[in-house]
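Here the structure comes first, spelled out in structure tokens, and everything after it is commentary.
The values are calculated or read from the model by the stated rules, or taken from the named source; none is laboratory data. None of the values given here were measured: they were computed from a predicted structure. Ideal geometry is used to build each Cβ from the backbone, glycine not excepted, and the neighbour counts take in all protein chains shown. Protein only, heavy atoms only, side chains kept; ligands, DNA and RNA dropped before computing areas. Shrake-Rupley method; radii C 1.70, N 1.55, O 1.52, S 1.80 Å.
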Amino acid sequence: MSPSPNPTPAKKISIIGAGAIGGMFGGLIKRNHPDIDVVMIARGEHLRTMQQNGTVELRGKWGSVSVPVTASSEPNAVEGSDLILFTVKTQDTRETAERFASSIGSATVVSLQNGINQRILSQILPADRLLVGMTATNMGVIAPGVIQCTRRGMSVIGPASPEVPHTVVEQARRLLDSSGLPVASSDAILGVQYNKLLFNTMGYASVLSATDFLRDGILNQNWRNSVAMPILEEGFRVLHAAGITVENACGGSDVLRFRRLMKILNLPCLDTIVRGVAQGPLHPPKLVFSVYQDLMRNRPTEIDYVNGEIVRLADEVGVPAPYNSKVVRMVHELERATEKHFHSREQIAKHFRELTGKQR
Ligand SMILES: NC(=O)c1ccc[n+]([C@@H]2O[C@H](COP(=O)([O-])OP(=O)(O)OC[C@H]3O[C@@H](n4cnc5c(N)ncnc54)[C@H](OP(=O)(O)O)[C@@H]3O)[C@@H](O)[C@H]2O)c1
């Protein structure tokens with residue numbers, strides 16, 4: 001793709017947490033708009049490689065490109081930014097935001113993290129410049145300084161509070177969209193975030209048995225009805241009690257439609273077809289959840305901010321959340337284990353059926 005005109009007056013953008021998601025967005029914006037300064041805030045070997053090379057390597061359907069970037073770990077490197085993309089893992093949010101707050105100045109900050117990070121960020125950063133969102137893309141840092149795009153999904157951003165002017169949202173959206181990865185905006189961003197979060201509550205449960213979420217999870221009647229459905233229904237109950245409505249922005253994956261689909265898959269007339277798809281050569285793409293990658297690398301997962309967010313909200317509104325609590329507990333057990341022994345899919349389904357028995 002040849003460089004195109006800068007879609008906004010932005011001269012400098014910084015990525016705080018320039019790993020998979022942030023590094024890819026920042027790198028693609030730099031590739032498309034060489035006149036914008038892009039600063040990658042990272043650490044460890046990934047940072048050192050970007051500093052030594054002066055570039056980040058981006059791999060995707062376009063092949064491989066090396067894009068010139070400035071890489072640093074120092075807060076003062078982000079000073080003077082027009083836009084900051086905030087993409088550290090959720091557990092690093094508070095510490096990182098506090099460390100960088102005074103250097104962020106009047107920049108617009110966009111969090112594209114999983115979880116509902118505005119709870120923390122709004123305590124630290126100016127409310128009238130804070131945007132949050134979700135992304136259905138799938139990226140990974142496959143080697144220090146090398147980021148791979150495995151799925152180009154829709155990303156949606158929106159104002160974390162009514163104090164953010166509409167023009168600020170639109171400028172940020174245009175800038176991120178100029179990466180070539182589609183970005184939409186929504187005024188109901190909290191509902192959009194919870195829509196994605198409910199998908200992840202089921203996906204993170206599939207990690208307990210290292211099960212491929214769609215092919216071996218959702219298409220398996222036992223796992224679908226014993227594990228996925230109860231987790232999702234519980235999520236809906238908790239959100240309903242909290243007065244939160246899920247929103248599906250811009251034709252992205254809709255968790256309400258997904259619930260209907262899971263029910264339809266139980267129709268006896270579809271059983272043979274579903275089994276055929278699950279066992280046949282035509283199968284849905286494998287989704288690798290970050291919880292799985294984090295467990296395999298012996299790193300803390302984001303479980304407390306996904307299934308744990310439903311548990312937290314349930315406590316707040318006085319509704320039980322035994323299924324999501326169980327996922328949180330079991331993922332923490334796996335986090336603590338030095339050797340990762342995943343359960344079988346049938347064991348997990350049995351645990352959840354026992355839980356359902358106790359609820360009755
Ligand atoms: N990857 C995806 O496909 C995807 C999709 C949807 C949503 N998300 C969400 O996006 C967020 C970011 O995910 P990700 O996969 O991009 O994570 P990631 O690859 O781990 O990137 C985060 C980067 O921030 C760095 N970092 C953390 N604290 C820092 C600090 N204080 N100073 C400098 N660097 C720091 C990390 O370094 P270390 O590696 O040393 O910790 C890492 O390089 C998460 O909330 C995730 O759930 C990701």
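With 0.36 nm allotted per residue and the present C-alpha distance subtracted, the I142-R329 stretch has 64.4 nm of extension available.
Put simply, when 198-209, 75-86 are sorted by average Cβ atoms within 10 angstrom per residue, most first, you get 198-209, 75-86. Label sites at K263 and R43, each approximated as a point 7 angstrom past Cα along Cα to Cβ, lie 4.7 nm apart. Between S66 and S106, residue separation times 0.36 nm minus the direct Cα-Cα distance comes to 11.4 nm.
Which residue, L130, L261, L295, tops the fluctuation ranking in a GNM of the chain built on C-alpha contacts under 10 Å? Between L130, L261, L295, it is L261 that shows the largest mean-square fluctuation. Listed by chain and number, the aspartates and glutamates whose alpha-carbon sits under 15 Å from that of K11, ignoring those within fewer than 8 places in the same chain, are D35, D37, E79, D82. Please work out whether the stretch 191-359 counts as rounded, prolate or oblate from its C-alpha gyration tensor, where a ≥ b ≥ c are the square roots of the eigenvalues and a/c under 1.5 means rounded, while otherwise a/b larger than b/c means prolate and anything else oblate? It is rounded, given that a/c, with a ≥ b ≥ c, falls under 1.5.
Quick check on the chain: of the DSSP beta bridges with both residues there, what percent are antiparallel, nearest 5%?
That works out to approximately 40 percent antiparallel.
What is the stretch 41-193 by shape, rounded, prolate or oblate, if you read a ≥ b ≥ c off the alpha carbon gyration tensor as root eigenvalues and call it rounded for a/c under 1.5, prolate for a/b larger than b/c, and oblate otherwise? Oblate, because a/c is 1.5 or more while a/b does not exceed b/c. Round to the nearest 10 and give me the degree value, 0 to 90, for the angle of helix 345-359's Cα axis relative to the longest principal axis of the chain. Once rounded, the angle reads 70 degrees.
For a paramagnetic label modelled on A337 (point 7 Å from Cα along Cα→Cβ), amide N atoms under 15 Å away belong, within the stretch 285-319, to 292-299. Hey, with R₀ at 41 Å, roughly what FRET efficiency would A241 and H166 work out to, going by the Cβ-Cβ distance, to 0.05? So the FRET efficiency works out to roughly 0.85.
Sparse packing (at most 16 other Cβ atoms within 10 Å of the Cβ) combined with a DSSP loop state is found for the following GluC sites (Glu not before Pro) in the stretch 270-360: E339. Placing pseudo-labels 7 Å out from each Cα toward the beta carbon at T272 and R299 gives an inter-label distance of 4.7 nm. Axis angle, to the nearest 10 degrees, between helix 189-207 and the longest C-alpha principal axis of the chain: 60 degrees.
Working note: Debye formula, equal point scatterers on the alpha-carbon atoms of the chain, no solvent; log10 I(q)/I(0) at q = 0.10 Å⁻¹ is -0.63. Length gained on full extension, S73 to L256, computed as 0.36 nm times the residue gap minus the Cα-Cα distance: 61.8 nm.
Of the solvent-accessible surface of the stretch 12-187, computed with a 1.4 Å probe and all protein chains present, 45% belongs to carbon and sulfur.
Within straight-line reach of K358, meaning a Cα separation under 24 Å, sit the following lysines at least 8 residues removed in sequence or on another chain: K263, K326, K350.
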